[in-house]
Amino acid sequence: MQMIDVHLPTTDGRNLILPRYTQPEKDIQLLIHQLDLTLPDQPPPRIEELKKKCGADL
C-alpha cells in the first residue's frame, strides 16, 4: 500500500491536496481480513496557498 498526495490547482490560485491511500492488492486484503483489521478512513482534503515565485526563483 502507498499513500499519495493528489495536487489539483484551483481557479482562485490555491492548491487542493487530496491525500489518499491506494487500494491494497488481493493478498494484502486477505491478510487484513485474516488479522481482523480495518483500514483507516481516507484523510480529509486540504487547501494551501500556492507559493509565488520571486524573480530569483525563475
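Just so it is clear, none of the values below were taken in a lab; they were calculated from the coordinates. These numbers come from a predicted model, not from an experiment. Note: ideal-geometry Cβ built from the backbone for every residue, glycine included; neighbour counts use all protein chains shown.
Ranking 4, 32 by Cβ neighbours within 10 Å, fewest first, what do you get?
Fewest to most other Cβ atoms nearby, the residues stand as 4, 32.
How much length, in nm to one decimal, is gained on full extension between residue 35 and residue 21, taken as 0.36 nm per residue of separation minus their Cα-Cα distance?
This chain segment gains 3.1 nm when fully extended.
Using the scaling law 2.2 N^0.38 Å as the reference, what is the normalised Cα Rg of the range 3-50?
Compactness ratio reported: 1.59.
Once the piece of chain linking residue 47 and residue 5 is laid out straight, how much longer is it, given 0.36 nm per residue of separation minus the C-alpha distance between them?
13.9 nm
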